[in-house]
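Notes for the one structure printed next.
Values quoted throughout were computed directly from the atomic coordinates according to the rules given, and no laboratory measurement underlies them. Predicted model only: the values in this text are computed from it and were never measured. Positions of Cβ are backbone-derived with ideal geometry, glycine not excepted, and every protein chain shown enters the neighbour counts.
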Amino acid sequence: MINANGKKIQIFDTTLRDGEQTIGVNFSIAQKIQIAQQLEKWGVDVIEAGFPVASPDDFKAVKAVAESVDRVCVTGLARAKQSDIDACVKATANAKHKQIHVFIGTSPIHRKDKLHMTKAANLAAINKWVRYARQFFDIVQFSPEDATRTEPDYLATVCNTAIEAGATVINIADTVGYTNPIEFGKLFDYLRAHVDKFDEVTFSVHCHDDLGMSVANAIAGVEHGASRIEGTVNGIGERAGNTALEEVAAAFMVRNDYYHYQTNINLKETKRTADMISEFTKMPIPHNKAVIGQNAFSHESGIHQDGMLKNRNTYEILTPESVGMGATHIILGKLSGSHAVMQELNHMGYEVTREDMVNIFPAFKAVADKQPIVNDHDLAMIMERMGVMVHA
Ligand code: KIV
Ligand code: ZN
C-alpha cells in the first residue's frame with residue numbers, strides 16, 4: 001500500500017452513461033439535466049453525461065448537461081473512432097469544464113473475438129485516436145476495456161502508448177467485475193513499476209459488481225495508486241451494476257482514521273441524490289442497501305435497541321443525519337426489549353414506568369409474536385385493552 005495520507009480522490013459519476021445501461025432504464029433529457037444538477041450539488045468532480053454518437057437523443061442530452069452545470073467537468077464516451085470523438089467534441093463544446101473518455105478493448109478475448117485486432121493494430125488504434133482526441137481536449141481519459149483480463153505486460157504497454165499519445169487519465173476498467181481487491185492492488189503495483197509516467201497522469205478505477213466486490217476493488221485500486229473512482233449512484237449499471245459511489249464516500253468518511261482520503265462529496269445530499277435516481281429509474285432502493293436503505297438505520301432486536309438507547313455508537317457507525325436520511329428508527333417487533341417499548345410509549349404520551357412494564361410487556365409480546373412490526377396504533381390498542389389512556 002502506498003502512503004496516501006490526505007490524498008484527494010476525484011469522483012467520476014457515470015450514472016447517466018453506464019448507469020443508463022441498466023436494463024429498462026432510459027432517462028429523458030429533462031431528467032438528465034435534473035440529475036446532473038443534483039450530482040453537482042452532491043459534489044462529484046466529473047459527470048459522464050452519455051455516449052453522444054449512440055443516438056441523436058444521447059447527443060442532445062450530453063449537450064444539454066454540458067450547458068446546465070457549472071463547476072463540474074462533463075465528459076462524453078467515445079470508442080477509438082473518429083465519428084465518436086467528433087460527436088463528443090460537438091456535444092461538449094459549450095461546457096465550462098470538459099474532458100473526453102476514449103476506450104477500446106485490450107484483453108485477448110476483446111482483441112481476438114470482438115475487435116479482430118492484433119496487439120500491433122490495437123496499439124496503433126490507441127495511439128491514433130488518443131492523439132486525435134488530444135487536439136480538442138486538455139483532459140483525455142483513456143480506458144483499456146477489460147483491463148483486468150488483459151495480460152499485465154501488455155496492459156503496461158497499452159498505458160505507455162496512451163500516455164505517449166496524450167492521455168492524461170488512465171482508467172483501469174474491471175469491465176466484467178472479475179478481479180478481487182488483493183489482485184487489483186497487485187495489478188496497480190505492477191503498473192506503477194512498469195508505466196513510465198505513472199505519477200504524471202491520473203490513474204482511475206472503473207469497477208463492475210458481478211461478484212459483489214466493486215466497492216472493495218475500487219478502494220483497493222485507490223490504496224495502490226489510483227486517485228479517481230468511477231461509479232454510479234445506487235450502484236446502478238450494466239448487469240450487476242457499478243461501484244456504488246455513496247458507499248465509497250461513506251466509507252472514506254467513517255474510516256477516515258484508516259484511509260485519510262478526501263472527496264468533494266457533500267454526504268448530506270446523498271439521500272436526496274439516491275431518491276432521485278431511484279424515482280427516475282423506477283428501481284426501489286433495497287431495504288438493506290448499505291448507507292441509503294431504509295433498514296440501514298433501523299434496529300429491531302432488543303439487545304441492539306437497548307444498546308442504541310444507551311449510546312447510539314454501540315450499533316451505528318454512520319448516523320442517518322450525516323447522509324441526509326432523517327432519524328434512526330427503533331422498530332418494535334417480537335425481538336424488541338422492554339426498554340425500547342417503554343420509551344416509545346412515553347414518546348406517545350403514556351407515562352409508563354419500569355414497574356408498569358411488568359404487565360404491559362407480556363401483552364406487547366403476545367401481539368408482536370403474530371405480526372412483523374408493532375406500530376404506534378398497535379401500541380395504543382394494547383394500552384386501551386389494558387385500560388390505560390394517554391395523559392393529557
Ligand atoms: O465497463 C467498462 O469497461 C466501461 C468502459 C467504457 C470504461 O464502461
Ligand atoms: Zn462499465
Checking GLU279 against (1) away from ligand 1 (no atom under 16 Å from the Cβ); (2) within 19 Å of SER143 (Cα to Cα); (3) of a type in the set (Asp, Glu): exactly one of these is not met. Which one?
(2)
Pull up the stretch 240-295, narrow it to residues that are charged (D, E, K, R) and in a loop (DSSP other than H, G, I, E, B), then point me to the one that is farthest from ILE11 (Cα to Cα).
LYS282
How many of the residues in the stretch 198-208 are away from ligand 1 (no atom under 11 Å from the Cβ) and surrounded by 22 or more Cβ atoms within 10 Å (Cβ to Cβ)?
1
Might you let me know whether the stretch 47-55 holds any residue that is of a type in the set (Phe, Trp, Tyr) and within 16 Å of ligand 2 (Cβ to nearest atom)?
yes
When the residues of the stretch 242-251 are filtered to those that are buried (at least 24 other Cβ atoms within 10 Å of the Cβ) and of a type in the set (Gly, Ala, Ser), which remaining residue is nearest to ligand 2 (Cβ to nearest atom)?
ALA244
ILE23 passes all but one of the listed conditions (1) surrounded by fewer than 16 Cβ atoms within 10 Å (Cβ to Cβ); (2) away from ligand 1 (no atom under 16 Å from the Cβ); the exception is number (2)
Note down all Cβ pairs under 8 Å where the first residue falls in the stretch 92-106 and is more than 26 Å from GLN37 (Cα to Cα) and of a type in the set (A, V, I, L, M), the second is more than 14 Å from ligand 2 (Cβ to nearest atom) and outside any loop (DSSP other than H, G, I, E, B), and they're at least six residues apart or on different chains.
ILE104/LEU115; ILE104/ASN122; ILE104/ALA125; ILE104/ILE126; ILE104/TRP129
What about ASN234, is it polar (S, T, N, Q), within 16 Å of ligand 2 (Cβ to nearest atom) and within 28 Å of ILE139 (Cα to Cα)?
yes
Has the stretch 142-162 got any residue that is in contact with a helix residue (DSSP H, G or I) (Cβ under 8 Å, 6 or more places away or on another chain) and over 22 Å from PRO108 (Cβ atoms)?
no
